[in-house]
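One structure below.
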Amino acid sequence: MKRLVQTCALLGLAVVAASCGGNSTLNETEAPVYLTAEIKEYNPDVVMSASGDVTISKLDIHSFSKDPNATLTSAQDVRLTRWVVTAERTDGGTTVSPQWIHDVDVYVPAGGTTSLDNYRVFPAEYFSQAPLSYLLPENGGVDPETGNHNIRQTLHVEIFGTTSGGKSISVKFNAGFNFTY
């Protein structure tokens with residue numbers, strides 16, 4: 001009987017220890033830092049006939065500690081690896097450009113800032129796909145949904161990455177564009 005009590009106590013202790021382990025998905029997704037993106041300079045007017053990829057001229061990504069009293073280390077440095085860009089019409093039309101996923105490698109030091117120049121947020125090859133293709137001369141040069149010679153879309157950009165310590169992190173920003181031919 002004494003041996004049964006000891007075995008049960010040992011099993012109970014093992015269950016408690018296993019439930020306190022560090023494998024929680026919360027630990028995987030909560031970084032000790034957060035990021036903000038600040039568009040410093042960009043041209044919202046895109047003339048498709050004279051333009052290549054759509055870029056943000058100057059974009060700063062800042063890293064901040066969630067705990068203002070914490071000391072940041074290189075374990076909180078961030079490596080951003082995937083940009084996901086989703087378009088939304090802001091001119092009354094309903095057809096939007098396709099989502100664009102772009103893999104990159106951008107380093108943001110813990111508590112620091114990374115400045116990006118002429119970073120791509122929209123590929124020129126999407127000019128030949130609906131709805132922007134409606135603006136091409138060979139397609140009439142008019143958006144059939146709005147009757148306009150331009151299409152306005154907001155690009156919702158979310159950039160995903162991880163800290164050096166393995167925690168998932170992302171940052172979002174929006175940029176509005178007016179596309180014409």
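I need the Kirkwood Rh of region 40-180: take the reciprocal of the average 1/r across all distinct C-alpha pairs and report it in angstrom. Kindly include the intermediate steps, with their values, before the conclusion.
Values: mean 1/r = 0.0605 Å⁻¹.
Averaging 1/r across every pair of different Cα atoms and inverting gives 16.5 Å.
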- Query: Counting only pairs 8 or more places apart or on different chains, how many lysine pairs in region 40-180 have C-alpha atoms closer than 20 Å?
  - Reply: 5
- For region 35-80, using Cα atoms only, the Rg and Dmax in Å read 16.5, 52
- Message: Under a Cβ-only charge scheme (Lys and Arg +1, Asp and Glu -1), can you give me the dipole magnitude of region 40-180 about the Cα centre, in debye to the nearest 20?
- Response: 440 debye
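Find how much the distance from GLU30 to GLU125 grows on full extension, using 0.36 nm per residue of separation minus their present alpha carbon separation; answer in nm with one decimal. Display every interim value, and only then the final one.
Working: separation 95, 0.36 × 95 = 34.20 nm, distance 3.58 nm.
My answer for the length gained is 30.6 nm.
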- Message: Of HIS102, LEU132, ALA75, which is farthest towards the positive pole of region 40-180's charge dipole, taken about the Cα centre with +1 and -1 on the beta-carbons of Lys, Arg and Asp, Glu respectively?
- Response: ALA75
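Where a number appears in this text, it was derived from the coordinates with a stated rule and is not lab data. Computed from a predicted structure; not experimentally measured. Reconstructed Cβ throughout: ideal geometry from the backbone, glycine too, with neighbour counts over all protein chains shown.
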